[in-house]
Each structure stands twice: as structure tokens, then as C-alpha cells.
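J.: Below are the C-alpha cells for one structure; questions will follow.
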Amino acid sequence: MEVEEMDENTWKYHGEGNKSLVVSHVQRNVVLRFLKFPPDRHKTAEEIFHHLQNIVDFGKHIMNLFLGENYVHYGEVVQLPLEFLKRLCLKIQSERPESRCDKEMDSFSGYALCLPDLTRLQTYHFVEHRPILCIEIKPKCGFLPSSCHITKEVKHKVCRFCMHQHLKVAKGKWKWISKYCPLDLFSGNKQRMYFALMSLLQEAQNNLKIFKNGELIFGCRDHQDCVSDLNELAHHLKPFFFPANGLSSGPYCTRTVIKELIHALIMILLSSSTTGTCRAGDMKSISISQGRSYCDASQFSKELLRNGNHKTEGSGLPKGCILYKILQAQLLDMLDIEGLRSLYDRVEQYLEEFPKERSNLEIDGPYNEAFYEKLKDLSTEDDGTVAYAVTKIHQYRVAMTAKDCSIMIALTPCLQDECLEQRCVVSTSKSRFMYSVSLLDLDLKPYENIPHQYERDSKIVNYYLKSIQSKEDHLTDLYKENEDCTLVFHKV
Ligand SMILES: O=P(O)(O)O[C@@H]1[C@@H](OP(=O)(O)O)[C@H](OP(=O)(O)O)[C@H](O)[C@H](OP(=O)(O)O)[C@H]1OP(=O)(O)O
Ligand SMILES: Nc1ncnc2c1ncn2[C@@H]1O[C@H](COP(=O)(O)OP(=O)(O)OP(=O)(O)O)[C@@H](O)[C@H]1O
């Protein structure tokens, strides 16, 4: 890092999640990503350096091979002056959403990750000063598990995202249940994908954000601080999608512009990149044919059923498109948390007896070629060994990472007659864009989280079953009340 960059005024608050906080440089296309911790649980500088280096290694040696080097930006660990960090931390504090302030940005260790600013185009750097849009999508888990270890039938029919919505709304995390269903987005069927993306625009939660020139113009920083006016969004998008024509404002314009955006996103999400190395090709494809390809709770499927159509089509994803790659990584969770829990207990028991073996089992890395090779073993025949359990745990953690990552799609208009390689260009009715696709938040999920995942899974499923049941009871009561009413009515 150059000394002049150590002025806190050249950095601004960009966003944060549950585990990290990001600031972006006001001129250069880079960001700093800091870890966050509860106030009383700070780690030593050495531990933080090791944690960040592990994040870089995991991106560089595992996710890079899995997903393709064009999509993965692992960055580097940088050391920063503590005085600068103290000032930066103070400067950005007032911009942080309240719901994220239960954790503090790590300004004590002096370490952070330096990454490219993914709201900017990653393919052509000569366009740095052009206006740019970036759409961030957190798609979540795109398949229904088919593991034989599953004890609740509903998990084979309703996806985790749709079930989780009920608990989130009950807890007050979000106000309304979203109509977005990840299975629609991952279906490869353009109609279903359109419905999924439109649903995200209607209820973005933390699954959709839109940035213009690096600034958030649509989406939620927080459940209490959401910018979600589609007319306002269309106003921002109009110059990008209809640069020359005087499409007037109003509901027709909003619909037209939003439609153009969604069509562009579908084309990009389904396009196959042929560039860059992606070693997942040497891994056997994992099929989801045993599980069904639609979710019973999806509004799209319900709508079809209501119209007498009993078959929800999935066209399948083209191999090589970003959604296909993410889905393949997610499918490494072959046993479901219910099947994994006993394997975790097996490893824990072993470690209790032989605590020094933890490093040999490579639970905390190193994330290298050998670790990648182990991920390729897709067998699910349990031979009762600790080695088998550890391999399945590694695969599960990679899958969970892919279930929680985000896609960044950056779009900038091509100039008239600008001749570019077609693979990075998307055409809409009245415009042409250069685009880049990147992935963020590819940190490996911790081993220690497994018991917590198990509990959360059963909480989500039980709450869903309970709320569906009480909805059914409510409908039965209503029906009975109506019957009573009818009787009274007849008497009169
Ligand atoms: O369990 P989920 O599906 O709710 O995912 C958590 C996310 O919630 P979401 O449902 O996307 O709103 C959650 O996101 P938010 O904090 O709710 O924005 C985190 O991404 C969390 O990951 P981590 O523990 O910080 O590494 C995520 O936890 P993991 O399960 O990925 O560990
Ligand atoms: N390299 C980047 N370029 C631009 N924006 C970024 C970058 N990295 C992160 N962000 C922004 O910061 C936000 C938080 O980052 P990130 O998702 O990595 O946090 P997290 O705490 O790890 O997330 P989670 O809550 O899923 O655990 C992202 O949603 C994204 O908008």
C-alpha cells in the first residue's frame, strides 16, 4: 500500500456482512476487507493474519480451480498502520447499519484483505471512467437435497430458502416473505429465471443489491434501511438501456426498463465462459436427477398448478455458466447436514482421544492441491473411517460456502462501433454492454459451525411445518365459520 493511501479520507464505507466490513478507495478500483468480531472476542494479530492468509489460499488454490480464475478474486493480505485504522474506523462508524453494529471492525491487528472493487468491470480496464452498473445477487441453495439421511419429508419438496423465509419474517429480520425461490433461478428455464429475478426486485432482502458507479442505488444495507423503489431504479437505468430514445417516464417505462435489465441478467447468467482455467472440469459432474427440480413453495410452481399445468419445466443450466459452476460446488453437500452430523461426531470423538491429529486431518488447512484432490472423492459409501468423515466434512464446508456466496455482474455501455470480443458483450433492444462476472464471499465455512448448522436446520424445518399447519388450521376455521354463516343466512 502506498503511503498516500493511508489517508482515511481516500477511503469510504462500502458495505458489510456478518463477518466482514468493506471500504472502497475513492479513486482507485480497490477495496479493503476487514474481519469483524464481537467487542469482547478479539483475536491476536497473528491469528488474524493466519485467518486472512487462509482465506486467500482457499480462494487461490480451491475455489479458483473449482469455479474458474476469471470469477474468483482472492486478493492479498496487507498490513496497515494502526493509527490509520483507528481514524478509518471512527470515520465510517456513523455509516454502519445499526443491525450490524453488534460486531466491531478489526482495527487492532493491522491486517486486512486488499481486493479489486468488484462493482467495477474486471475485463477491460480502459473503460474505468465510464458509467457502470453492478448487480449483486446472493442466490443461496439451488437444489433440493435427496440424501437418504433426511428425516423430514418436507425437505425433499420445499427448498431451504423458502422454508427459512417463514422463520425470518417471524423473527422480524424481514417484513415480508419473498417470492424468490433459488430453484427457479437455477432452473435454466428463462421464464422461471425471469420470475425469480423479478421477485428479487420486488423484495430484495439481502439477496439483491444494485450499484451505480460504485454507489448502492437499490437494495438493503439493513432490514430497516432499504432502497426499493422500482420507479427510481428505472430512472437510474434508463440512460443505460435506452440511451438515445426519449422513453417517457411512468409505469410503462418502469416495466420496459426493468424487463431489459432482467433479460440482460438472464443472458449473462446463462452464458458460458470459455476463458480462464477451471479445473472443476476434471471433477465428475454431480447430478441432481434424484431430487426434483422445483420447490413446492415457489409461487411460480403454484401459479402453474393453479392454471392446470402440473409440470414445472427446468431447461437445465448450460455447463460452464456461472450458475452451473456454483450449483456443482453446492452439490458437494451430498449427505445433508442430517447425514453429516454423525460424521462430525466421529471426528470429534477421535480428536478427543488424539488432539494432536487435528493438523494431520487438515481441518484448518493448508488449502492446497492435496486438499483439492480430496474434494474429488464423491463416493458416499461410509467405510467407518475418520478419513471418510473428514473428506465429507471438507466437501460439506465447500458446499456451504457456495450456498452463501454472491455473484457480481458489472455492466458498462459499449461505444458505438466498438469492436470487442463477443463473449464479454451482451446486447439488449437498444444498447450493448461489456460485462464481467465475479464471485465474492468465498470464505470457507468453519468446521466448528457444524453443530450450529444442524440445530438451525431443524429449527427452520420445524418452524416451517408449524406455520404451514397453523395456516391450514386457520383456513379450516375460516371454512367452518363460513359454513356457519351460510346456515345462519339460510335461516334468515
Ligand atoms: O444459514 P443461512 O442460510 O441463513 O446463511 C447465513 C446468512 O443468512 P441469510 O439467510 O443469507 O440471510 C448470513 O447473512 P446475513 O448476516 O443474514 O446477511 C451470513 O452470510 C451467514 O454466514 P456467516 O455465518 O457470516 O459466514 C450465513 O450462514 P451460513 O449458514 O452460510 O454459515
Ligand atoms: N471485492 C469487493 N468489491 C466490491 N464490493 C465488495 C467486495 N467484497 C465485498 N463487497 C461488498 O461488501 C458486502 C459484504 O461483504 P461480504 O459478503 O464479503 O461480507 P461477509 O460478512 O463475509 O458476508 P456474510 O454476511 O455473507 O458472511 C458485500 O455484500 C458486497 O456488497
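J.: Report the paramagnetic label zone for Glu47: residues of region 13-34 whose backbone N is under 20 Å from a point 7 Å from Cα along the Cα-to-Cβ axis.
T.: 18-21, 34
J.: Starting from the Cα of Lys60, draw a straight line to each of the aspartates and glutamates and keep only those under 12 Å, dropping any in the same chain fewer than 8 residues away.
T.: Excluding near neighbours in sequence, the set is Glu69, Glu76, Glu369, Asp443.
J.: Quick one: length gained pulling Ser228 to Ser99 fully straight, 0.36 nm per residue minus the C-alpha distance?
T.: Between Ser228 and Ser99, full extension yields an extra 44.6 nm.
J.: Quick one: divide the alpha-carbon radius of gyration of the chain by 2.2 N^0.38 Å and tell me what you get.
T.: Cα Rg divided by the expected 2.2 N^0.38 Å: 1.03.
J.: Report, by chain and number, residues whose modeled amide H sits under 5 Å from the one on Asn207, excluding near sequence neighbours (fewer than 5 apart, same chain).
T.: Sorted by chain and number, the residues that satisfy this come to none at all.
J.: With a cut-off of 8 Å between alpha carbons and a minimum separation of six or more residues, what is the relative contact order of the chain in percent?
T.: 20 percent
J.: Lys/Arg Cβ at +1, Asp/Glu Cβ at -1, dipole of the chain taken about the Cα centre: which of His25, Tyr396, Ser287 is farthest positive-ward?
T.: Ser287
J.: Could you list Glu47, Glu16 in order of exposure, starting from the residue whose Cβ has the fewest other Cβ atoms within 10 Å?
T.: Going from sparsest to densest Cβ surroundings: Glu47, Glu16.
J.: What is the extension gain from His129 to Lys471, computed as 0.36 nm multiplied by their sequence separation minus the C-alpha to C-alpha distance, in nm to one decimal?
T.: 117.8 nm
J.: Beta carbons within 10 angstrom, averaged per residue: use that to sort the peptides 77-83, 8-14, highest first.
T.: 8-14, 77-83
J.: So what J values fall out for region 260-269 if you push phi through Karplus, 6.51 cos²θ - 1.76 cosθ + 1.60 with θ = phi - 60°, rounded to Hz, Gly and Pro as x?
T.: Whole-Hz 3J(HN,Hα) from phi for region 260-269: 4, 4, 5, 4, 4, 5, 4, 4, 5, 5.
J.: Which residues' amide hydrogens lie under 5 Å from the amide hydrogen of Gly15, considering only partners 5 or more residues apart or on another chain, with H built in the peptide plane?
T.: Result for Gly15 returns Val22.
J.: Mind listing the long-range amide H neighbours of Phe218? Cut-off is under 5 Å, sequence gap 5 or more, other chains count too, H placed in the peptide plane at 1.01 Å from N.
T.: Residues meeting the amide H criterion: Ile210.
J.: Here's a follow-up. Kindly rank 94-103, 55-64 from highest to lowest mean number of other beta carbons found within 10 Å of each residue.
T.: 55-64, 94-103
J.: Pairs Lys36/Lys138; Lys86/Lys140; Lys103/Lys471; Lys91/Lys173: which are spaced more than 25 Å apart, C-alpha to C-alpha?
T.: Lys86/Lys140; Lys103/Lys471; Lys91/Lys173
J.: Pop out the ³J(HN,Hα) list for region 84-99 in order, Karplus 6.51 cos²θ - 1.76 cosθ + 1.60 with θ = phi - 60°, rounded to Hz; leave Gly and Pro as x.
T.: 4, 5, 4, 5, 4, 4, 5, 4, 8, 3, 5, 8, 6, x, 4, 5
J.: Which order results if Leu233, Leu415 are arranged by neighbouring Cβ count within 10 Å, fewest first?
T.: Going from least to most buried by this count: Leu415, Leu233.
J.: Please work out the C-alpha center-to-center distance from region 34-75 to region 205-223 and express it in whole Å.
T.: Centre-to-centre distance over Cα atoms comes out at 24 Å.
J.: Separate question: Working out 0.36 nm times the residue gap between His236 and Lys374, then minus their Cα-Cα distance, what length gain in nm do you get to one decimal? Walk me through the intermediate numbers first.
T.: Numbers: separation 138, 0.36 × 138 = 49.68 nm, distance 4.70 nm.
Net length gain for the segment: 45.0 nm.
J.: Could you tell me the distance between the Cα centroids of region 424-457 and region 114-190, to the nearest Å?
T.: 8 Å
J.: Once phi is turned into ³J(HN,Hα) by the Karplus curve 6.51 cos²θ - 1.76 cosθ + 1.60 with θ = phi - 60°, what whole-Hz value does each residue of region 135-151 show in order, with x for glycine and proline?
T.: Along region 135-151, the couplings run 10, 9, 10, 9, x, 6, 6, x, 9, 9, x, 10, 4, 6, 7, 5, 9 Hz.
Throughout, read-outs are computed from the coordinates displayed, never taken from laboratory work. This one's a predicted model, so the numbers in the text were calculated from it and none came from an experiment. Quick reminder, even Gly has a Cβ in these numbers, built from the backbone with ideal geometry, and neighbours come from all protein chains shown.
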